[in-house]
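Colleague: Pasting a structure here, questions to come.
The values are calculated or read from the model by the stated rules, or taken from the named source; none is laboratory data. As the structure is a computational prediction, the values presented were derived from the model and not from experiment. Don't worry about glycine lacking a Cβ; one is built from the backbone with ideal geometry, like all the others, and counts go over all protein chains shown. The protein model used for the area step is the full one, side chains on, heavy atoms only, and it has no ligands, DNA or RNA in it. Shrake-Rupley method; radii C 1.70, N 1.55, O 1.52, S 1.80 Å.
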Amino acid sequence: MDTYDQPQSLASPIDLCAAIDAAVTAAHAGAAILQSYAHHRADLVIDRKARNDLVSQADREAEAAIIQELKARTPKFGIVAEETGGKAQGAATWYIDPLDGTTNFLHDIPHYAVSIALIAHAGTSMSANQTLAEDTPVIGVVYDPCREELFTAVYGVGAWLNGRRISCSRTQTIEDSVLATGFPFRDFSFAAQYMPMLHDAINRARGVRRMGAAALDLAWTACGRYDGYWEMGLAPWDVAAGTLILREAGGVCSDMHKQDPWPIGGRVVAGNPAIERALHEMIAPHLNKKD
């Protein structure tokens, strides 16, 4: 769990209306830059941060545009972004992934998104009658510029796709479900745990999909395209927005080890309530205890 500087006063509730407006505007600003590069991928300067961990100037410029917008509109909130880092601080912190699905983007696979979330910290006032007991996602925006699909969520209010309310599926069993997952691609230290989970899912589920963008996996689970989703080895900014979108759509998005209040550690289990429980039961025999 990240540590953060406690604010001096949390008396004023967070203005969620202003925050969602800022996040949507920032997401569109970032996506405009991505799409300006979309037809010129061969000209992109690509850096290799680590094995299978790539970054281009599209990522960097989109992130800069997002941060500029959020700083201007919500200067008191902290910012944690994939490329430029940062730290959690204040009453709440933005978690930003300017391009979730970088490998897809670089290979001209039209499945990637901008992901922006606001995490309100423990002790933050949400209303005159509610103070958060633990860190909680309160704003979530995932924007897919290829399909022009904007997934949004506001804590306690709901989740939407292009302004229409969404809800997760009602599938009750893994045998009747289509599941999403992500293979180890950067960190292979958990492969021995993951592969038996995948084996069980392939043999039990109606189908298993691996599309390569965690934010969209969560958003698609929220709107019922997938029934459940699990993955390991992610980063906080990959899952922060999708966590709230799924929760507000009636689903459950949890830390695989059931320790953190949201999957900040990058090991996520998600779905409608029945499938999320079933996924935990399916993966538990293969999961090492958290250090």
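Colleague: Can you give the extra length, in nm with one decimal, that the chain gains between His40 and Asp15 once fully stretched, where that is 0.36 nm per residue apart less the Cα-Cα distance?
Modeller: Gain on stretching His40 to Asp15: 5.1 nm.
Colleague: Evaluate the charge dipole of segment 106-219 about its Cα centre and quote only its size in Debye, nearest 20, assuming +1 on the Cβ of each Lys and Arg and -1 on the Cβ of each Asp and Glu.
Modeller: The dipole of segment 106-219 has a size of about 260 debye.
Colleague: Taking the highest mean first, how do the peptides 232-243, 81-92 order by number of other beta carbon atoms within 10 angstrom per residue?
Modeller: Highest to lowest by the protection proxy: 232-243, 81-92.
Colleague: Over the Cα atoms, compute the radius of gyration (one decimal) and Dmax (the largest Cα-Cα distance, rounded to a whole number) for the chain, in Å.
Modeller: Over the chain's Cα set, Rg and Dmax evaluate to 18.0, 54 Å.
Colleague: With every protein chain kept in place and ligands, DNA and RNA left out, what is the accessible area per residue of the chain? Probe 1.4 Å, answer in Å².
Modeller: On a per-residue basis, 43 Å².
Colleague: Quick one: how many lysine pairs does the chain have with C-alpha atoms less than 16 Å apart and a gap of 8 or more or different chains? Give me the count, please.
Modeller: Eligible lysine pairs with Cα atoms under 16 Å apart amount to 4.
Colleague: What part of the accessible area of the chain, given as a whole %, is carbon or sulfur when the probe is 1.4 angstrom?
Modeller: Answer for the chain is 49 percent, counting heavy atoms of protein chains only.
Colleague: Related question: Connecting C-alpha atoms closer than 10 Å in a GNM of the chain, tell me which of Ser169, Ser254, Ser125 has the biggest fluctuation.
Modeller: Of Ser169, Ser254, Ser125, the most mobile in the Gaussian network model is Ser125.
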